[in-house]
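Below you'll find the structure, written out as structure tokens, and then a few comments.
The values are calculated or read from the model by the stated rules, or taken from the named source; none is laboratory data. In this text the structure is predicted, and so the values were computed from the model without any measurement. Counting neighbours? That spans all protein chains shown, and the Cβs are built from the backbone with ideal geometry, glycine included. Areas reflect the complete protein model, heavy atoms only, side chains present, ligands, DNA and RNA absent. Shrake-Rupley method; radii C 1.70, N 1.55, O 1.52, S 1.80 Å.
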Amino acid sequence: MGWQEKFERECLKIPGQHILEIGITGSGKTQGLYWILDGLTHSSNETIVWFDTGKSSEFLTLALFKPLNVMIPETFEISILLNERSCDELHDIHISQFDDPRLIWLNLDPNKINVLSLYPYIHDPETYAKIFSAIFKSLIYLAHDAHLDYVTPLSIFFDEFHVVAPAQGHGEEGVGKVGSIIQLNIEKLRSLKVRFVATTQGWFKIRKGVRSSFNWLLVRRGGYFSNDQPKLQRFNSLFQSLKNDEAVIVYPSRVFSDVMHLPLYPNGEEFGRVRYRSFAFEKFTRGNNFLDLKNKI
Ligand SMILES: Nc1ncnc2c1ncn2[C@@H]1O[C@H](COP(=O)(O)OP(=O)(O)O)[C@@H](O)[C@H]1O
Ligand SMILES: [Mg+2]
């Protein structure tokens, strides 16, 4: 059996198998997420949630695979300007709004890729910590109480996972609470058929109790391991030399694949432009700003 076939059979087709992709900036991580998502949409029937980072119109590429349900907070705006040829290549993009971020989990569309655009509108760590704690807490309660049966198995794509689950000394104040919620529940989520597909710029950057729950790793250039992964640590120099289109899959046993070449998908910007508007100035002057969303929780 080939490496990729093994990955498909033992990981993609099995709900709840968390995957962490590790590599420095520019090593191909976002491209790796597209590849995993492409694989999931072909070899499983999982519902997909993609946390939008707001970078470089990245999520437009997802519309190559399935229609999108882009969820934004009420009173905010998003504009999506597609190039002419993209309209033929891409599936439909639908925009919906939510007022309480805890309830996004009850409004997912199992037939679309659910893109959650929330981070692009948040500019301070206090709001971030509060909202993301609430989102992950509600995910756990709802999944546990079987309210998410309509969308499980579920895969949650989260780029730059160290922002929500930072190792000690790496995160913003207050964000540690989000990491502790994830740490306490990441194994439970696996058994509830909820998986994270996450990326990070460094193994060390993620909270120890969280990174150890990622059984499957996709290592890109600069993936660097410490002595909590002795089998991998010996190969740091191999990982250091990977090219942009190269990756290594690490299996739960910590056996790993040959160096594989992954496909290149178009960048989001090749399809068009996404802009986020929060009307901050008008709202601040009227005393009605993003705090409204925060205070709902
Ligand atoms: N499979 C690939 N084949 C060829 N080039 C790639 C591939 N993956 C990534 N690249 C190149 O590397 C660049 C950075 O990739 P990206 O996924 O944005 O990295 P990261 O998310 O780690 O910053 C891409 O714009 C592309 O030029
Ligand atoms: Mg990226």
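Tell me, please, whether a residue that is within 25 Å of Gln233 (Cβ to Cβ), within 14 Å of ligand 1 (Cβ to nearest atom), among the small types (Gly, Ala, Ser) and open to solvent by less than 40 Å² (accessible area, probe 1.4 Å) can be found in segment 29-48.
Among the residues of segment 29-48, at least one is within 25 Å of Gln233 (Cβ to Cβ), within 14 Å of ligand 1 (Cβ to nearest atom), among the small types (Gly, Ala, Ser) and open to solvent by less than 40 Å² (accessible area, probe 1.4 Å), which makes the answer yes.
Within segment 88-103, which residues are in contact (Cβ under 8 Å) with a residue 24 or more places away in the chain, in a helix (DSSP H, G or I) and either in contact with a helix residue (DSSP H, G or I) (Cβ under 7 Å, 6 or more places away or on another chain) or charged (D, E, K, R) (or both)? Step through it out loud before you land on a result.
Keep residues of segment 88-103 that are in contact (Cβ under 8 Å) with a residue 24 or more places away in the chain, which gives 89-103.
Next, only the ones that are in a helix (DSSP H, G or I) stay: 89, 101-103.
Scanning segment 88-103 gives Glu89, Pro101, Arg102.
List the pairs whose first member sits in segment 184-202 and is in a loop (DSSP other than H, G, I, E, B), whose second member is away from ligand 1 (no atom under 16 Å from the Cβ) and among the aliphatic types (A, V, I, L, M), and whose Cβ atoms are under 8 Å apart, counting only residues at least 6 apart or on separate chains?
Here the result reads Leu192/Ala143; Leu192/Leu148; Lys193/Leu154, each pair linking segment 184-202 to a residue that is away from ligand 1 (no atom under 16 Å from the Cβ) and among the aliphatic types (A, V, I, L, M).
Which residues, counting only those in segment 121-163, are buried (at least 19 other Cβ atoms within 10 Å of the Cβ) and either within 16 Å of ligand 2 (Cβ to nearest atom) or basic (Lys, Arg) (or both)?
Residues satisfying the conditions are Lys130, Phe157, Phe158, Asp159, Phe161, His162, Val163.
Taking the stated definitions as given, is Ser226 open to solvent by less than 40 Å² (accessible area, probe 1.4 Å) and assigned to a loop (DSSP other than H, G, I, E, B)? Write out each step before concluding.
On the way: open to solvent by less than 40 Å² (accessible area, probe 1.4 Å): yes; assigned to a loop (DSSP other than H, G, I, E, B): yes.
In short, yes.
For segment 28-58, what are the residues that are out of contact with any helix residue (DSSP H, G or I) (no Cβ under 9 Å at 6 or more places or on another chain), away from ligand 2 (no atom under 16 Å from the Cβ) and either closer than 16 Å to Pro266 by Cβ or of a type outside the set (Val, Ile, Thr) (or both)?
Passing the criteria: only Asn45.
Looking at (1) within 30 Å of Ser180 (Cα to Cα); (2) surrounded by 13 or more Cβ atoms within 10 Å (Cβ to Cβ); (3) modelled with pLDDT under 95, which is the one condition that is false for Lys283?
(1)
Given the criteria open to solvent by less than 10 Å² (accessible area, probe 1.4 Å), of a type outside the set (A, V, I, L, M) and in contact (Cβ under 8 Å) with a residue 12 or more places away in the chain, does Gly54 qualify?
Numbers: open to solvent by less than 10 Å² (accessible area, probe 1.4 Å): no; of a type outside the set (A, V, I, L, M): yes; in contact (Cβ under 8 Å) with a residue 12 or more places away in the chain: yes.
The answer is no for Gly54.
Take Arg190 and tell me if it is in contact with a Ser or Thr (Cβ under 6 Å, 6 or more places away or on another chain) and either open to solvent by less than 10 Å² (accessible area, probe 1.4 Å) or away from ligand 2 (no atom under 16 Å from the Cβ) (or both).
Values: in contact with a Ser or Thr (Cβ under 6 Å, 6 or more places away or on another chain): no; either open to solvent by less than 10 Å² (accessible area, probe 1.4 Å) or away from ligand 2 (no atom under 16 Å from the Cβ) (or both): yes.
Criteria not met by Arg190.
Among the small types (Gly, Ala, Ser), more than 16 Å from ligand 2 (Cβ to nearest atom) and touching a strand residue (DSSP E or B) at 6+ places or on another chain (Cβ under 7 Å): does that describe Gly16? Working first, answer last.
Details: among the small types (Gly, Ala, Ser): yes; more than 16 Å from ligand 2 (Cβ to nearest atom): yes; touching a strand residue (DSSP E or B) at 6+ places or on another chain (Cβ under 7 Å): yes.
When the stated conditions are applied, Gly16 passes them.
Tell me which residues, restricted to segment 87-102, are over 25 Å from Leu142 (Cα atoms) and surrounded by fewer than 17 Cβ atoms within 10 Å (Cβ to Cβ). Give the derivation first.
Of segment 87-102, the ones over 25 Å from Leu142 (Cα atoms) are 87-93.
Within segment 87-102, Cys87, Asp88, Glu89, His91, Asp92 qualify.
Results for (1) farther than 22 Å from Gln17 by Cβ; (2) within 16 Å of ligand 1 (Cβ to nearest atom); (3) part of a helix (DSSP H, G or I), shown as yes or no for each residue.
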residue	(1), (2), (3)
Pro120	yes, no, yes
His123	yes, no, no
Ala129	yes, no, yes
Ile140	no, no, yes
Ala146	no, no, no
Tyr150	no, no, yes
Phe157	no, yes, no
